[in-house]
Amino acid sequence: MTIESRERVRRYFDEFGDAEWDRLTGDVRGRVSLEIHRRFLARFVQPGDRVLEVGAGPGRFTIELAALGATVVVTDLSPVQLALNAEHLRGTVSEAAVERREVLDVCDTSRYADGEFDLVLAYGGPLSYAFEHAEEAMRGLLRITRPGGPVVGSVMSLLGTWRHFLPGVVKVAETIGEDANDRILRTGDLRHEAGQGIDTHVCQMFRHRDLAELARAAGGEIVAASAGNWASLGDLDALAVLEADPSRWARFMEHEVAACQERGALDGGTHILFAARGQSYGS
Ligand SMILES: C[S@@+](CC[C@H](N)C(=O)[O-])C[C@H]1O[C@@H](n2cnc3c(N)ncnc32)[C@H](O)[C@@H]1O
């Protein structure tokens, strides 16, 4: 990523501040996405694991890692997000699991030793902000994860985002022009939109096949994947009926979690979750 893109993203998350804390709880789709991310993470973390959390933000998943028995080096590009992470965990049992906090750009993990962590977590898109350095970033994350250990993350989904936000996409295309819109849909790079006089959140969106290619190019492979939502991107009134009834909601979530892991659904949410391992480890 160019310095300008990195600064732009850092500024965005510095200014976004504590709104990030509510992103996954404010509406039903966020709550489903949070639950899907939680369950996916729990498949890979063992008690006693030492984890590097990249792009930790205000700490939703730092708290999850602590609850799963891991110790965590908490990092983020945004000093404001790191301070919020400390604030949200202060005085809670989760804080005891935090080894230290430090500013880190996902594109440069050279300060860490080979295989230093049992697991690296990059939820909520750090790799979506690495742009042209995504391959080098992924290679770095695989390098610092112990042999056989996973890099677990999530990135923004190109196809699911397009479908879910279609009315907005149609409007934006009227402003930036259909050629710029075509470029976004071809490349997933939202900087084509920002370059057209629209000051917006920029990121790199991926298809599942782009993510698989990225992992391969970085010397790894995707060993598990899930969409962040499937049916929960559907009708809000129907979802409210389900969520109001704990027993129906529990059943719905079981179906939703399973659906999100189907091959045909991987591109269908606004995010794609993945676990990657280095190929040289023969995992
Ligand atoms: C959408 S938030 C996700 C926070 C948390 N991981 C979660 O999933 O709830 C994305 C976080 O990634 C951080 N971030 C953005 N670009 C980054 C980069 N190049 N390196 C490390 N972190 C980055 C942001 O500052 C922000 O805190």
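The values are calculated or read from the model by the stated rules, or taken from the named source; none is laboratory data. What you see is a predicted model; the values in this text were computed from it and never measured. Cβ: placed from backbone, ideal geometry, glycine included. Neighbour counts: every protein chain shown. Protein only, heavy atoms only, side chains kept; ligands, DNA and RNA dropped before computing areas. Shrake-Rupley method; radii C 1.70, N 1.55, O 1.52, S 1.80 Å.
Below are the figures for this structure:
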{"quantity": "When residues of segment 22-48 are limited to those that are within 11 Å of the ligand (Cβ to nearest atom) and at pLDDT below 90, the one least open to solvent (accessible area, probe 1.4 Å)", "calculated": "24"}
{"quantity": "Criterion violated by residue 171 - all others in (1) in contact (Cβ under 8 Å) with a residue 40 or more places away in the chain; (2) open to solvent by 20 Å² or more (accessible area, probe 1.4 Å) satisfied", "calculated": "(1)"}
{"quantity": "Test: residue in segment 228-247 that is within 15 Å of the chain's Cα centre (by Cα) and within 30 Å of residue 176 (Cβ to Cβ)", "calculated": "yes"}
{"quantity": "Residue 164, sole failed condition from (1) in contact with a Lys or Arg (Cβ under 9 Å, 6 or more places away or on another chain); (2) buried (at least 23 other Cβ atoms within 10 Å of the Cβ)", "calculated": "(2)"}
{"quantity": "Segment 259-271: number of residues that are assigned to a helix (DSSP H, G or I), without any contact (Cβ under 8 Å) to a residue 40 or more places away in the chain and closer than 12 Å to residue 36 by Cβ", "calculated": "2"}
{"quantity": "Condition met for residue 38 (free of Cβ contacts under 8 Å to residues at least 40 places away in the same chain, basic (Lys, Arg) and part of a helix (DSSP H, G or I))", "calculated": "yes"}
{"quantity": "Qualifying residue in segment 83-103 (condition: within 24 Å of residue 134 (Cβ to Cβ) and touching a Phe, Trp or Tyr at 6+ places or on another chain (Cβ under 8 Å))", "calculated": "no"}
{"quantity": "Residue that is nearest to the ligand (Cβ to nearest atom), among those in segment 49-64 that are within 15 Å of residue 103 (Cα to Cα) and in a strand (DSSP E or B)", "calculated": "53"}
{"quantity": "Positions within segment 76-96 being polar (S, T, N, Q), free of Cβ contacts under 8 Å to residues at least 40 places away in the same chain and open to solvent by less than 50 Å² (accessible area, probe 1.4 Å), in sequence order", "calculated": "85, 94"}
{"quantity": "Residue count, segment 97-122 (criterion: more than 9 Å from the ligand (Cβ to nearest atom), open to solvent by less than 70 Å² (accessible area, probe 1.4 Å) and small (Gly, Ala, Ser))", "calculated": "3"}
{"quantity": "Extreme residue, nearest to residue 211 (Cα to Cα), among residues of segment 232-258 that are surrounded by fewer than 18 Cβ atoms within 10 Å (Cβ to Cβ) and in contact (Cβ under 8 Å) with a residue 12 or more places away in the chain", "calculated": "257"}
